[in-house]
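Written below as structure tokens is the structure these notes are about.
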Amino acid sequence: MRLDRRALMAGGIAMLGARAFAASRDGAGYDRAGYDYGIAPQAIADGLWIVRGADAPILRDNGGAIANLAILATDAGTVLIDCGPSLRYGKALKAAAFRLTGRPVTRIFLTHFHPDHCFAAAAFPDALVSATPEMVRGLTVSGPGFSDGMYRLLDDWMRGTELPSPRGDVGAGPLMIGGRTLRMLPLSGHSAADLAIFDEATGTVFAGDLVFHDRAPATPEADLSAWRTSLETLKQLGHRTLLPGHGPYDPSAHRAIDQTRDWINWLEISLRDAVASGRDMVEAGAMPIPPRFARMQAARYELQRSVSHFYPRIEAELFARIDRGEG
């Protein structure tokens, strides 16, 4: 396979970012020798627990457990919102959830098709796993590549993990499960098929990766215009608290939403300015990050990844192709 200069540069800055980040983290909380995820749910409200992911890229030291997820108790059984990266994680989560609620898992909702959020569905019967039809289509297309990448990166953490096969049965609107009303909100922006869920009993929004909090947003398949529209939809829900896909639980209604929107706005403007001024991709990945984002984990790493995602597209928009007679 022939690699051009841009591909080499993109891969290089992403790899350097990952290595730098790995060197700055010690993988605390994960026992790699015993492949124990050490799942530790935190009680947030009556019948609601969250499990925090590591504020880091997917690394062997964390077994890919970087996404947040939620455990909900209902009269009909336990509901999970996202479920983690691997079969091993899913089995540990199943046991942890049962200890909390005393009931087996009766339903799992997947917020999008990225593997850190959904590959642990392999530990549950397919009939229990639900997603939007768009998410199922995205997983069908991208899942094999994600699986190959996860196995290469995480080795035995992924042993036995097969692609999930969720039902594409989630649409917009309220859904009653065991006395608990969950409002389903199919959206897009972080990916082509995002799902946010509003738990009316606690006033909590489970935003998936539409919202990041004190952790820089990832943009591998992002549509920034659609993302802004989805953030505005979330902001109008009248919720009280929010669980982002990554980063700490937000006990306020809007802080994490506003921070995510601020980052993607800054990112788009900065990358367009970098292209217009003639900076190459390495220079753009090294640009200063505003002090207001100083609390954000993985900021440099995600900026460098975003350069590789967006630079070719922005160049195509701003510059004519003389080899195609456009100039």
- Task: Scan (1) open to solvent by 50 Å² or more (accessible area, probe 1.4 Å); (2) outside any strand (DSSP E or B); (3) out of contact with any helix residue (DSSP H, G or I) (no Cβ under 6 Å at 6 or more places or on another chain); (4) not β-branched (Val, Ile, Thr) for the single condition Tyr151 breaks and write down its number.
- Result: (3)
- Restricting the stretch 262-298 to residues that are in contact (Cβ under 8 Å) with a residue 60 or more places away in the chain and surrounded by fewer than 19 Cβ atoms within 10 Å (Cβ to Cβ), the one farthest from Pro220 (Cα to Cα) turns out to be Arg295
- Item | Residue count, the stretch 33-44 (criterion: free of Cβ contacts under 8 Å to residues at least 60 places away in the same chain and open to solvent by 60 Å² or more (accessible area, probe 1.4 Å)) | 4
- Note on the structure: Subset of the stretch 154-168, residues surrounded by fewer than 20 Cβ atoms within 10 Å (Cβ to Cβ) and either over 15 Å from His112 (Cα atoms) or basic (Lys, Arg) (or both), comes to Asp155, Asp156, Arg159, Gly160, Glu162, Arg167
- Thr233 vs. criteria open to solvent by 10 Å² or more (accessible area, probe 1.4 Å) and touching a residue at least 60 places away in the same chain (Cβ under 8 Å): no
- Message: Any residue that is over 15 Å from Asp194 (Cβ atoms), touching a strand residue (DSSP E or B) at 6+ places or on another chain (Cβ under 9 Å) and modelled with pLDDT of 95 or more - is there at least one of those in the stretch 262-280?
- Response: yes
- Query: Within the stretch 191-205, which residues are open to solvent by less than 10 Å² (accessible area, probe 1.4 Å) and within 19 Å of Cys118 (Cα to Cα)?
  - Reply: Ser191, Ala193, Asp194, Leu195, Ala196, Ile197, Val205
- Looking at Gln304, Gln259, which is the one that is open to solvent by 10 Å² or more (accessible area, probe 1.4 Å), under 18 Å from the mean Cα position of the chain (by Cα) and closer than 19 Å to Pro57 by Cβ? Gln304
- Query: So Arg103 clears everything in (1) in contact (Cβ under 8 Å) with a residue 40 or more places away in the chain; (2) of a type in the set (D, E, K, R); (3) surrounded by fewer than 22 Cβ atoms within 10 Å (Cβ to Cβ); (4) in contact with a Gly (Cβ under 8 Å, 6 or more places away or on another chain) except one condition, right? Which one?
  - Reply: (1)
- Note on the structure: Exactly one of Gly47, Gly63 is buried (at least 23 other Cβ atoms within 10 Å of the Cβ) and at positive phi, and that residue is Gly63
- Query: Out of the stretch 117-140, which residues are more than 24 Å from Phe212 (Cα to Cα) and of a type in the set (Phe, Trp, Tyr)?
  - Reply: Phe124
- Scanning the stretch 104-122 for residues that are part of a strand (DSSP E or B) and not hydroxyl-bearing (Ser, Thr, Tyr), the one nearest to Asp169 (Cα to Cα) turns out to be Phe109
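The values are calculated or read from the model by the stated rules, or taken from the named source; none is laboratory data. Remember, predicted model here, so these are calculated numbers, not experimental data. Cβ sites come from the backbone with ideal geometry, for glycine too, and all protein chains shown count toward neighbours. Keep in mind that these areas ignore ligands, DNA and RNA; they rest on the heavy atoms of the full protein, side chains included. Shrake-Rupley method; radii C 1.70, N 1.55, O 1.52, S 1.80 Å.
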